[in-house]
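Here the structure comes first, spelled out in structure tokens, and everything after it is commentary.
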Amino acid sequence: MRDPEDELQELDSAGLRRSLRRLRSAQGPVINTEDSGDLRNFSSNDYLGLADSPFLKQVFAEKVQKYGAGSGASRLVCGTMDAHLALEEEMAAFKRSEAALTFSAGFATATGVIPAICQKDDIVILDKLCHASLIDGARMSGATIRVFPHNDLGKLESHLQWASDQVGQDGRILVVTESVFSMDGDRAPLREIVELKSRFGALLLVDEAHAFGIIGPNGRGLAAEEGLEGQIDFQMGTFSKALGLSGGYVCTSRAFVDLLVNRSRSFIYSTAPAPALAATISEAVRHVRGTDGDALRKQLWENIRFLREDAPSAILPILMGSNEDAMAASTHLLEQRFLVPAIRYPTVPRGTARLRVTVSAAHDRRDVIALRQELDQFQKTALSHP
């Protein structure tokens, strides 16, 4: 039998062992940690700074008083309350779809949706840099999987041509991509992907996790910015990033939502999210889509531009290559009171370890400028000492 200590030693030797960092404060642009004290936090996906906002804290407290702390069971047993249904109506209207279904987490959304719509006689085609939850969902479906190099439209086209020749009359072809990729921060060529999936009669699932709330009109995402909402079969995302809360959603047709309710295992067999949370998310969506959201997005993009003028998202990767170099860079920044994580395999491919800087509307401009200066100096030093 394998000894877990041996496995941990292997992770240590490869520079891949991880450990949890205890926080003693709320999530925010400055956090207090047990081991390092106060740190300027450039590691969080709380893009609009709502995780500790007085507005959402007050709303959440009020909703707990109204709905209680828990939902009791899975929604098919006794857990569907009006707050869940109201949120789904809110999301369907916001994302311009017929219907929506919500889940306990983004991971549960991906691993619930893909296996519910694809089976062993179907084909799933994924971008190579898709999130682990999307990959796991494809594997769990039992469908044949093909992967195309990141944003490689030529290879996607050839995969679609192959799939259309292979799939049966009742078979489905599902293309899966992200609108903004979580570790590279770049965008998918959605317009071209939509054209290809339409030409070959495929379905398209787009994960808008890192675009929802911050890109497009009212923060509706990249699909909305490109005017493509009506041509994307499944718009998926999370409430755990720009909204500062937790949970996941998929917006699609009413028929597919009804199918998910009957087939999605992560929905059927999970206790429903707290109704107070669902009601708070509804308020957060209304907040983010309005003038307050516009102001937060403006502040966010100003902060992003201070770090990198041409950045396409709030995610700024700084490639280091080796695990050791990425860890050394992260440690150096920690010594300067910046929390910037080193991202390593298996989160990113081997040999592409990096720093992942994320920017928030709540960051103090002085901290953004200080980080930019620190990164500039660090990179100059690295170039002078190859």
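Values in this text are rule-based calculations from the coordinates and carry no lab data. In this text the structure is predicted, and so the values were computed from the model without any measurement. We place every Cβ from the backbone using ideal geometry, glycine too, and count neighbours over all the protein chains shown.
Counting neighbouring beta carbons within 10 Å and listing from fewest to most, the residues 64, 180 come out as 64, 180. Per-residue 3J(HN,Hα) values for region 69-77, derived from phi via the Karplus relation 6.51 cos²θ - 1.76 cosθ + 1.60 with θ = phi - 60°, read 8, x, 9, x, 5, 5, 5, 6, 8 Hz in sequence order (x marks Gly and Pro). P(r) for region 214-334: what percent of alpha-carbon pairs falls in each 5 Å bin, starting at zero? Cα pair-distance distribution for region 214-334, in percent: 2, 8, 13, 16, 17, 14, 11, 10, 6, 2, 0. For the pair residue 308 and residue 158, the difference between a 0.36 nm per residue extended length and the Cα-Cα distance amounts to 50.5 nm.
Put simply, when 310-323, 132-145, 204-217 are sorted by average Cβ atoms within 10 angstrom per residue, most first, you get 204-217, 132-145, 310-323.
Positive end of the charge dipole of the chain (Lys, Arg +1 and Asp, Glu -1 on Cβ, about the Cα centre): tell me which of 149, 237, 353 has its Cα farthest that way. With unit charges placed on the Cβ atoms, the residue in question is 237. Could you tell me the calculated FRET efficiency between residue 136 and residue 65, based on Cβ-Cβ distance and R0 = 56 angstrom, to the nearest 0.05? Once the sixth-power term is evaluated, E becomes 0.90.
Look at where the Cα atoms of region 52-68 and of region 75-104 average out, and the two centres are 19 Å apart. Expressed in units of 2.2 N^0.38 Å, where N is the residue count, the Cα radius of gyration of region 54-289 is 0.99.
For region 300-306, 3J(HN,Hα) computed residue by residue from phi via the Karplus equation (6.51, -1.76, 1.60; θ = phi - 60°) reads 4, 5, 5, 5, 4, 5, 5 Hz, glycine and proline entered as x.
Just want to confirm a number: the relative contact order over region 261-370, from Cα pairs under 8 angstrom separated by 6+ residues, in percent.
Dividing the mean separation by the residue count of region 261-370 yields 27 percent.
What the phi angles of region 202-208 give under the Karplus curve with 6.51, -1.76 and 1.60, with θ = phi - 60°, is a coupling list of 9, 8, 10, 10, 10, 8, 9 Hz, glycine and proline written as x.
The sum of -39500 (n - 2.57) across all DSSP H runs of n ≥ 4, divided by the residue count of the chain, sets its helix-only mean residue ellipticity at 222 nm to -13500 deg cm²/dmol. Taking amide H positions as modeled 1.01 Å from N, with prolines and chain starts lacking one, the residues under 5 Å from residue 338 and 5 or more places away or on another chain are 40.
Each peptide in 336-343, 365-372, 185-192 gets a packing score, the mean of other Cβ atoms within 10 Å over its residues, and the list from highest to lowest is 336-343, 185-192, 365-372.
Selection among 159, 74, 288 by position relative to the dipole of region 54-289 gives 74 as farthest towards the positive end (Cβ unit charges, Cα centre).
For residue 33, the residues whose modelled amide H falls within less than 5 Å of its own, excluding neighbours fewer than 5 places apart on the same chain, are 24, 38, 39. When each of 254, 220 is scored by the number of other beta-carbon atoms lying within 10 Å, the sequence from fewest to most is 254, 220. Each other residue within a Cβ distance under 13 Å of residue 310 adds +1 if Lys or Arg and -1 if Asp or Glu, for a net charge of +1. For the pair residue 286 and residue 366, label points projected 7 Å from Cα toward Cβ lie 3.7 nm apart.
Taking a 31 Å limit on the Cα-Cα distance, which of the listed pairs 155/298; 120/241; 95/155; 57/197; 63/120; 66/298 fall beyond it? Flagged as over cut-off: 155/298; 120/241; 57/197; 63/120; 66/298. Taking other C-beta atoms within 10 Å as the exposure proxy, 352, 358 rank 352, 358 from fewest upward. Look at where the Cα atoms of region 152-210 and of region 213-242 average out, and the two centres are 16 Å apart.
Site pair residue 55 and residue 9 shows an inter-label distance of 5.4 nm when each label is modelled 7 Å from Cα along Cα→Cβ. In terms of modelled amide H atoms, which long-range or inter-chain residues lie less than 5 Å from the amide H of residue 203? Result for residue 203 returns 173, 174, 175.
Approximating the spin labels as points 7 Å out from Cα along Cα→Cβ, the residue 332-to-residue 34 distance works out to 2.9 nm.
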